[in-house]
Amino acid sequence: MVLLTPCIDYVIVFSHLGKSNSKAVLASTPLLFIFQMLLLPLYLWVLLGKETIDIIEVTPFVKAFIYLIVIPFLLSIVTQMVSKSNNRSGKAILNFSSWLPVPFMALTFL
């Protein structure tokens with residue numbers, strides 16, 4: 001299932017590490033997440049069949065979408081607004097957060 005709905009965060013980090021256009025990938029992330037959520041029921045239907053789909057509850061998927069996508073997305077907007085409003089604290093936030101994806105990715109793989 002993970003291979004069918006690729007993890008966008010990995011793609012962002014690896015594109016940044018590979019010196020590709022990670023800003024374009026980052027800008028498309030909300031759309032990619034939405035497409036993943038919309039395609040997930042189709043993937044489940046194809047892989048599990050119609051009988052199995054009837055026993056799957058939608059609530060955990062909605063909760064996961066809110067907790068893993070909506071809340072972090074809103075927090076990222078607030079962080080960007082704070083970093084742009086004050087040059088000193090904004091630079092500190094950007095300097096601190098710029099190196100975080102690599103250790104978090106290593107922790108995820110571990």
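No lab work stands behind these numbers, since they all come straight from the coordinates. Note that the coordinates shown come from a computational prediction; the quantities given were computed from them, not determined experimentally. Note that each Cβ is placed from the backbone with ideal geometry, even for glycine, and that neighbours are counted across all protein chains shown.
Within the set SER15, SER83, SER76, the sole residue that is in a helix (DSSP H, G or I), without any contact (Cβ under 8 Å) to a residue 40 or more places away in the chain, out of contact with any helix residue (DSSP H, G or I) (no Cβ under 7 Å at 6 or more places or on another chain) and surrounded by 12 or more Cβ atoms within 10 Å (Cβ to Cβ) turns out to be SER76. Identify, by number, the condition in (1) in a helix (DSSP H, G or I); (2) of a type in the set (D, E, K, R); (3) closer than 24 Å to PRO101 by Cα that GLU51 doesn't meet. Answer for GLU51: the failing condition is (3).
If you go through region 35-47 one residue at a time, do you hit one that is on the phi > 0 side of the Ramachandran plot and out of contact with any strand residue (DSSP E or B) (no Cβ under 7 Å at 6 or more places or on another chain)? Scanning region 35-47, I find no residue that is on the phi > 0 side of the Ramachandran plot and out of contact with any strand residue (DSSP E or B) (no Cβ under 7 Å at 6 or more places or on another chain), so the answer is no.
Looking at the structure I just gave you, is ILE56 more than 20 Å from VAL11 (Cα to Cα) and not in a helix (DSSP H, G or I)? When the stated conditions are applied, ILE56 passes them. Of all residues in region 20-38, those that are more than 14 Å from ILE69 (Cβ to Cβ) have Cβ atoms under 8 Å from Cβ atoms of residues that are not β-branched (Val, Ile, Thr), 6 or more apart or on another chain, in ASN21/SER15; SER22/SER15; SER22/HIS16; VAL25/SER15.
Considering only residues that are surrounded by 12 or more Cβ atoms within 10 Å (Cβ to Cβ) and polar (S, T, N, Q), which ones fall in region 35-58? GLN36, the sole residue that qualifies. With respect to (1) within 17 Å of the chain's Cα centre (by Cα); (2) of a type in the set (A, V, I, L, M, F, W, C); (3) surrounded by fewer than 13 Cβ atoms within 10 Å (Cβ to Cβ), the lone exception for ALA92 is condition (1).
The requirement of being part of a helix (DSSP H, G or I) and more than 25 Å from PHE14 (Cα to Cα) is not satisfied by VAL102. In region 59-68, the condition of being among the hydrophobic types (A, V, I, L, M, F, W, C), loosely packed, with under 12 Cβ neighbours inside 10 Å and touching a residue at least 40 places away in the same chain (Cβ under 8 Å) is met by no residue.
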